[in-house]
Amino acid sequence: MSMEGRTCVVTGSARGIGRGIAEHLGQEGANVVINYRSSEGAAHEAIAAIEDAGGEAVAARADVTDRDEVEAMRDLCHEAFGPVDVLVNNAGMTADTQFAKMSREEWDRVMDVNLGGMFNCTQTFYDDIWNAHEGRLINISSVVGKQGNFGQANYAAAKSGMFGFTRTIALELAQGGSTANCVAPGFTKTDMLETVPEHVLERIISGIPLERLAEIEDVAAVVRFLASEDSSYVTGEVIDVNGGMDL
Ligand code: NAP
């Protein structure tokens, strides 16, 4: 599954799942753009890890909700590596609260980052992906987009919105030979779970047939497959990586 010579942008890749994805792609020989918004130090650590594994990476600061910053990231990427072959829309956030108490601001912020960020990045890199030999768009959704989750009406709405978006872009990209897919991870050991109380995590784990949370590597390995040429005939899909949560 060599990614030699392929250029990949992974949003929100200084830490968490995005970092795992970026490192997997870098280890396979891809040129990687590490996008960050606030985690500059961690972005440079991610670059060092990729370089140690023999890959090449650059850091690009851009808030995905800001179109001008996303376009500046594209220019930086073009200068460093040329056009993009693979875009992974990974940047995401939560603002949990029961719906009855949810503010419009909490709703808008979650839509802005998870869906608005995906819109900005996909449109900015669309021509690159279209023109690439087998370009790849990969959107990181969530099991919550399928099942819903108490206190996450905003996040669930955003993450299930990614499914319809992905299927539509898959149809539009197909004429040029590129693909679009979604990955829907289950609960994964990152900072995002830090606000979830221990007793809630225990309840979640008791409902997972494989009886554990996802490791970052579980998700990154599936993204690496979707980014590779081995996935040429897979498009418009939502791939669950959730330990069997919906069995
Ligand atoms: P995380 O550890 O909280 O990291 C969030 C990442 O998103 C950070 O790299 C952050 O960058 C970036 N980010 C947030 N807002 C951004 C913005 N406006 N512009 C650019 N980057 C932004 O999250 P994670 O757990 O790795 O989650 C990654 C993705 O997987 C998200 O889309 C999340 O919804 C999804 N997911 C997570 C889980 C889970 O259980 N962890 C399960 C299913 C799906 P900075 O640090 O630079 O600000």
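The numbers here are math on the coordinates, done by the rules we state, and not lab data. Bear in mind the structure is a predicted one, so any value in this text is a computation, not a measurement. All Cβ positions, even for glycine, are placed from backbone atoms using ideal geometry, and neighbour counts span all protein chains on display.
Taking the helices alone, the chain has a mean residue ellipticity at 222 nm of -14000 deg cm²/dmol, built from -39,500 (n - 2.57) per DSSP H run of at least 4 residues and averaged over all its residues. For the pair region 102-171 and region 1-40, the centres of their Cα atoms are 19 angstrom apart.
Largest GNM mean-square fluctuation across ARG224, ARG203, ARG67, computed for the chain with C-alpha springs under 10 Å, falls on ARG203. Cβ-to-Cβ counts within 10 Å put LYS189, LYS159, LYS101 in ascending order as LYS101, LYS189, LYS159, the fewest first. When MET3, MET102 are arranged by Cβ crowding within 10 Å, least crowded first, meaning fewest neighbours, the order is MET102, MET3. Once you sort the root eigenvalues of the Cα gyration tensor of region 1-88 as a ≥ b ≥ c, which label holds: rounded (a/c under 1.5), prolate (a/b larger than b/c) or oblate (the other case)? It is oblate, given that a/c is not under 1.5 and a/b is not larger than b/c. Comparing GLY20, GLY207, GLY177 in a Gaussian network model of the chain, where Cα atoms under 10 Å apart are tied by springs, the biggest mean-square fluctuation is seen for GLY207. Provide, for q = 0.17 Å⁻¹, the log10 of I(q)/I(0) from a solvent-free Debye sum over equal Cα point scatterers in the chain. The Cα Debye sum returns log10 ratios of -1.31.
In plain terms, the chain from ASP191 to ASP127 could stretch by 19.7 nm, reckoned as 0.36 nm per residue minus the Cα-Cα distance. For the chain, the longest principal axis of the Cα atoms and the long axis of helix 40-52 meet at an angle of about 60 degrees.
In what order do THR190, THR124 fall by count of nearby beta-carbon atoms within 10 Å, going from fewest to most?
Ordered by Cβ neighbours within 10 Å, fewest first: THR190, THR124.
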